[in-house]
Each structure stands twice: as structure tokens, then as C-alpha cells.
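The values are calculated or read from the model by the stated rules, or taken from the named source; none is laboratory data. Please read these numbers as outputs of a predicted model, since none were measured by experiment. A quick note on method: Cβ atoms are made from the backbone with ideal geometry, for glycine too, and the neighbour counts reach across all protein chains shown. Each accessible area value is taken on the protein alone, full model and side chains, heavy atoms only, with ligands, DNA and RNA left out. Shrake-Rupley method; radii C 1.70, N 1.55, O 1.52, S 1.80 Å.
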Amino acid sequence: MAGTVEEHFQRMPYRPAQDGKVEIHSGLSRHYPTLHGNLVTPQGFSRDLVVLMAHPASNFLSHFLLDAFASAGIPIMGMNTRYSSNEPALLMERAAEDLGTGVRWLKERHGFERVVLLGFSGGGPLVSFYQGQAERPTITQTPTGEPVALQDSIPADGVMLVGAHAGRARVLRNWIDPAVVDESDPYRTDPSLDLYDPARQLPLDRDWVAQYRQAQLRRIERIDAWALEQLELSKDRPGADPGRVVHRTVADPRFVDSTLDPSDRKPGSMYGDPSIANQGAGGLARFVTARSWLSSWSVNHSRADALTDLTSVHAPTVVMCLRGDQAAFVSDSRDMHAASADPDAELIEMADLNHYLVDQPEGLPTIVRRLRSWLDDRVLSPSSTVAQGN
């Protein structure tokens, strides 16, 4: 495989924020604002089409899908937003701006006729957010009032959502541990809401699950109140964006009870034992600022919501569900497919495949083969039409 594809490192200048906030300590990033991409191409490739992958904060420069697509004859670029390795400051509106920089770069710098967005995992809501705004722009600022430049975004020519969830805020709303009663002390908990109590019986009592879900939402709302209070307290301090730790965020009842949202998955989480991950430093939304919480993680304030954004996406769309996934569930894919404004949107459910295809070497070529067939039929076919909004 290595001899059949080439990697081309990309340096893409982007428009830095002008709101006076210091989002990152790196002087290189502040003084030389550059997005990075890895354009992987097969030998003798066509410029008819290129696939673009991105994630709000994860590094996609070496994603396992890059070589797989290029080896199948499809040029593909994985790119990072300005928030790669800086997730605590993430604003989804600016991450969408960065994705737009990648779309424009591929079309104008490299001359590709069509750019198709591929949203893997958390990249799914990012590409849905971007494409929804590119086709029907409505957002001119972040939830906290900072201006963003999404109005002149170039719509992509198709959207592929693979192992994707519907939004960071929706995920956290389902994963956050409602047993926490004191945000400053992760060890003070309500035992009646302890998902990982060894005495808890499976399958989980559905009335208890309903109470648990309501308690999760109440915890989200308490952190919302903190974030809004910090914005009010800091309104006369232009550079302020207070931060905090959000403890215990790996506690979705679906991790322990596979009869909830049934699929081919095994009990557990993408981190392994969810009860251990729930206590660790690497959990979802562990470190946030007031602004990033409202933009990215609050189900009551974030606008990056695939179930809303896809209602504005008329471009050809395919949703591929990995039925063994422990992070993006079957219901996520079905709901996103139902939300799409593309009347011919396709839903593909891949039996048994897990989120990262761990120990499933047959999964990668199968995924690429199905998606290449979709690209041929919906994007490259002479009879296909690409919507660019209404």
C-alpha cells in the first residue's frame, strides 16, 4: 500500500480571531496562524473529486481512512483545526471556519472540481454544521457574541458520515455522570444515581434510567448557569474566559446495558472499562472554558447539532452506521439519516464493526468499497445533481 500512494503536507493560512482572547499559549500558532493538512493521493489521480476529513480537536493527519481511500484511487485530505491539541478552548463556529478554509484550499489551490466532506466520529457534526451553514448561512457570531466568518463558505459537493454521532453536546448530555453533586469535588456523589454501583441489576430499570437522564440534564444546566455567570462577571474584562474541570463524564447507561439502544456492540466504552474512564483525566469535556462549554458542550446552547444542521443539507448525503460502535450508536445514525434534507440520503448499517475497527482488518476495505460505490453513483455519475442550497 505504501508504494501506491503519496502524502503531501499542506500549510493553510487561516484568519485568526480578533476578539482579544488568548486561546492558545503557543506563539507560533498566534503569530503564524496555520492549519495543517495531509493530502494523500494515488498515482496518476484525477482532480474530479477529493475527500476532506476533519475533527474539531483530534489530529486527523494520519487517520486510518487516508491510505485506504487513496489506495482505492480516491484523493483524500485529513486536516486539523486551530484547536488540535487545544480542545479546552474549542469554539465550534471557528472550527467550521477552519473546515471551510480546507474546502477552499482544495478547490482553489489544488483545482479539485468536487470536494466531499467525510465526518468520522466527532467530525460528523462538524461537517454537518459547516455544510448546513454553507448551504443556508444563518450564523454570524458565537453563542457568546464573537464574530465568525461563515457567510461566504463554499458548499461541499457531498457529505459522508461514518461512525458519527450527532453532536458533542448531545453526546455529553448522555454521557455525563449525574451522581456528581459538587462540581469541585468528584468524590461527593449521590449513591442512588451511581451507574457503576456493583449492586445495580441488569437490565437497568427503565424508570431509573428515565430519572437518571433527567438528572444528567440538571447537571448540564448547572454548568450552563456557571458559564453564563462567568460571562456576566467578565463582560468588562475583554480577555477573560474562565476555565474549569468537568469531572466524571463517561457514564452513559448504554455502556453497561446493551439492551438500551440495541446494536451489535459489546458492553463497555471506547475507552475500555467505563467506570475507570469516568474517573480519569481523559474523559469527554474534562477541561473547558465558559465560552467553549456554551459553544461545544451545552445541549442548550451549542448550535453544532447534526440533527438540526442536516435539515439544511441538500447535497448528496450518506450515513454509515458501525453497528458494533460503543461511542456513536445506531440511533444516532438513523436520526441523522432521517434529518437529512437530501431526499435520496442513504443509510448503510455495517454489521459488527466497532468505532476504530480494532481487530477488524476486514472492516476498512469494506467501508471504502461501499463509500466509493456511493461516490460513483451520487457524486460522480453524469446523472447526479449536487445541491448548493436553496
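Things to note:
- Residues (farther than 26 Å from residue 289 by Cα and surrounded by fewer than 20 Cβ atoms within 10 Å (Cβ to Cβ)) located in the range 130-150: 136, 137
- Residue, nearest to residue 138 (Cα to Cα), within the range 305-334, restricted to residues that are touching a strand residue (DSSP E or B) at 6+ places or on another chain (Cβ under 6 Å) and either modelled with pLDDT under 95 or of a type in the set (S, T, N, Q) (or both): 317
- Residue match in the range 101-118 (condition: open to solvent by less than 40 Å² (accessible area, probe 1.4 Å), among the small types (Gly, Ala, Ser) and closer than 13 Å to residue 50 by Cα): yes
- Of the criteria (1) under 24 Å from the mean Cα position of the chain (by Cα); (2) within 25 Å of residue 330 (Cα to Cα); (3) part of a helix (DSSP H, G or I), which one residue 212 fails: (1)
- For beta carbons closer than 7 Å, sequence separation of 6+ or different chains, a first residue in the range 271-288 that is under 20 Å from residue 169 (Cβ atoms) and a second that is β-branched (Val, Ile, Thr) and assigned to a helix (DSSP H, G or I), the qualifying pairs are 284/171.
Yes/no matrix, rows are residues, columns are (1) touching a strand residue (DSSP E or B) at 6+ places or on another chain (Cβ under 6 Å); (2) in a strand (DSSP E or B); (3) not polar (S, T, N, Q):
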| site | (1), (2), (3) |
| --- | --- |
| 342 | yes, no, yes |
| 348 | yes, yes, yes |
| 353 | yes, no, yes |
| 356 | no, no, yes |
| 364 | no, no, yes |
| 374 | yes, no, yes |
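- Filtering the range 251-300 to residues that are of a type in the set (D, E, K, R) and under 25 Å from residue 235 (Cα atoms) leaves 286, 291.
- Scanning the range 81-100 for residues that are more than 13 Å from residue 304 (Cα to Cα), of a type in the set (A, V, I, L, M, F, W, C) and crowded, with 24+ Cβ neighbours inside 10 Å yields a single hit, 99.
- Some residue of the range 189-208 being surrounded by 15 or more Cβ atoms within 10 Å (Cβ to Cβ) and in contact with a His (Cβ under 9 Å, 6 or more places away or on another chain): no
- Yes/no for residue 319 being open to solvent by less than 30 Å² (accessible area, probe 1.4 Å) and touching a His at 6+ places or on another chain (Cβ under 7 Å): yes
- The C-beta contact set for the range 42-59 (first residue closer than 17 Å to residue 79 by Cα and open to solvent by 20 Å² or more (accessible area, probe 1.4 Å), second residue of a type in the set (S, T, N, Q) and outside any strand (DSSP E or B), distance under 6 angstrom, 6+ apart or interchain) comprises 59/84.
- Any hit, the range 229-247, residues being farther than 24 Å from residue 145 by Cα and open to solvent by 30 Å² or more (accessible area, probe 1.4 Å): yes
- Residue satisfying condition, being at pLDDT 95 or above, within 22 Å of the chain's Cα centre (by Cα) and not in a helix (DSSP H, G or I), within set 337, 301: 301
- Residue match in the range 261-277 (condition: touching a Pro at 6+ places or on another chain (Cβ under 9 Å), part of a loop (DSSP other than H, G, I, E, B) and crowded, with 17+ Cβ neighbours inside 10 Å): no
- Some residue of the range 98-105 being among the hydroxyl-bearing types (Ser, Thr, Tyr), modelled with pLDDT of 95 or more and farther than 22 Å from residue 284 by Cβ: yes
- Qualifying residue in the range 39-48 (condition: closer than 18 Å to residue 97 by Cα and assigned to a loop (DSSP other than H, G, I, E, B)): no
- Scoring residue 68 on the criteria (1) outside any strand (DSSP E or B); (2) touching a helix residue (DSSP H, G or I) at 6+ places or on another chain (Cβ under 6 Å); (3) of a type in the set (Gly, Ala, Ser); (4) crowded, with 24+ Cβ neighbours inside 10 Å leaves a single failure, condition (4).
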